[in-house]
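For reference, the structure is listed below as structure tokens.
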Amino acid sequence: MDDLPLFATCPQAVRAVDFGHVLVLMDYRTGTVQALRPPAATQWDVLCRTGVLDHLAPALAHRLLTLGLLAPAKGPEQWAPALTVSSAQASWGSTEHPAGTVRPLHGRLTDTAAAAAALTVAFGVTRRPRTGLRHALTLLSAVGARTVRPATLPEATRAVTAVRRAGWHSPGRTACLEESVATILLLASRRLGARWCHGIASDPIRLHAWVQTMNGDDVAEPSSTRAYTPVLTIGDRHHQPH
């Protein structure tokens with residue numbers, strides 16, 4: 001590990017969330033996720049205040065640099081510490097989380113056709129190897145700038161339902177990322193704006209993307225979505241990705 005640089009910095013696209021029993025790093029350029037246990041999380045906390053790579057164990061420093069979660073720097077830098085989130089006590093995999101899909105209600109054919117077109121675009125963007133998430137974020141920022149008013153909760157719910165209906169008949173897998181991106185695209189095609197959210201939950205570590213109204217109402221989401229801490233949001237006046 002003698003080739004390690006003296007200093008490092010955290011790229012702007014990387015987010016850190018500390019749940020207490022685990023610190024999660026998420027790179028929104030590549031979709032890379034890395035979990036750090038408390039001893040490594042403590043090292044990360046010191047590093048973000050000093051920028052001196054010696055504060056990390058060499059093997060950990062090498063891994064984070066290789067993954068792009070850290071980048072070499074010319075001198076000591078500071079960056080924001082991890083977002084601290086109160087989390088339920090770790091069950092170490094002994095809890096269950098419901099999963100599955102429910103067939104959406106029937107709706108207007110024109111809505112389903114428009115949703116299918118939006119979903120096709122979402123598939124094309126999100127499924128690019130290693131760059132799909134980054135391209136999706138760029139697209140979401142671009143279309144959001146062209147909206148003229150926020151979508152109401154009924155309008156946003158209708159869009160989510162239409163996308164789910166189109167996804168039900170799609171031959172490909174439609175997960176929350178494709179669904180949420182397609183919903184924003186569908187609303188934007190009608191010049192309506194909504195907020196795209198991406199969050200992290202712990203125990204086990206899991207990711208989720210969903211849509212909110214500009215008033216902060218989750219759209220057609222189960223109560224379990226409240227377990228996710230929003231890490232990146234696009235829309236309204238929220239931070240835009242780099």
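The values are calculated or read from the model by the stated rules, or taken from the named source; none is laboratory data. Note that the structure is a prediction, hence the values are computed from the model and not measured. No Cβ is skipped: glycine too gets one built from the backbone with ideal geometry, and neighbour counts run over all protein chains shown.
Here are some notes:
- Qualifying residue in the range 18-30 (condition: loosely packed, with under 15 Cβ neighbours inside 10 Å, within 25 Å of R130 (Cβ to Cβ), under 24 Å from the mean Cα position of the chain (by Cα) and outside the structural domain of L177 (by TED's automatic domain parsing)): no
- Selection status of R173, closer than 21 Å to D111 by Cα and modelled with pLDDT under 95: yes
- Residue pairs meeting the criteria (Cβ under 7 Å; at least 6 apart or on separate chains; first closer than 17 Å to W196 by Cβ, in the range 159-180; second modelled with pLDDT of 95 or more and among the acidic types (D, E)): V163/E179; R164/E179; G167/E179
- Subset of the range 32-51 [closer than 12 Å to P76 by Cα and either charged (D, E, K, R) or touching a Phe, Trp or Tyr at 6+ places or on another chain (Cβ under 7 Å) (or both)]: C48, R49, G51
- Residue match in the range 133-145 (condition: touching an Asp or Glu at 6+ places or on another chain (Cβ under 7 Å) and either closer than 13 Å to E178 by Cα or in the same structural domain as T32 (by TED's automatic domain parsing) (or both)): no
- The range 125-136, residues that are surrounded by 14 or more Cβ atoms within 10 Å (Cβ to Cβ) and in contact with a helix residue (DSSP H, G or I) (Cβ under 9 Å, 6 or more places away or on another chain): V125, T126, R127, G132, L133, H135, A136
- The strands (runs of 3 or more DSSP E) located wholly in the range 1-75 that include 2 or more residues which are in contact (Cβ under 8 Å) with a residue 60 or more places away in the chain and of a type outside the set (V, I, T) occupy 7-9, 14-18, 71-73.
- Residue list for the range 48-67, filter: in contact with a helix residue (DSSP H, G or I) (Cβ under 6 Å, 6 or more places away or on another chain) and within 12 Å of L25 (Cβ to Cβ): L60
- Pick from the range 208-219, criterion in contact with a helix residue (DSSP H, G or I) (Cβ under 7 Å, 6 or more places away or on another chain) and in a loop (DSSP other than H, G, I, E, B), ranking: surrounded by the most Cβ atoms within 10 Å (Cβ to Cβ): V219
- Of all residues in the range 151-207, those satisfying the criterion of being in a loop (DSSP other than H, G, I, E, B), aliphatic (A, V, I, L, M) and surrounded by fewer than 19 Cβ atoms within 10 Å (Cβ to Cβ) are A175, I205.
- Annotation note: of A71, A41, the sole residue that is among the small types (G, A, S), crowded, with 16+ Cβ neighbours inside 10 Å and either modelled with pLDDT of 95 or more or in the same structural domain as S202 (by TED's automatic domain parsing) (or both) is A41.
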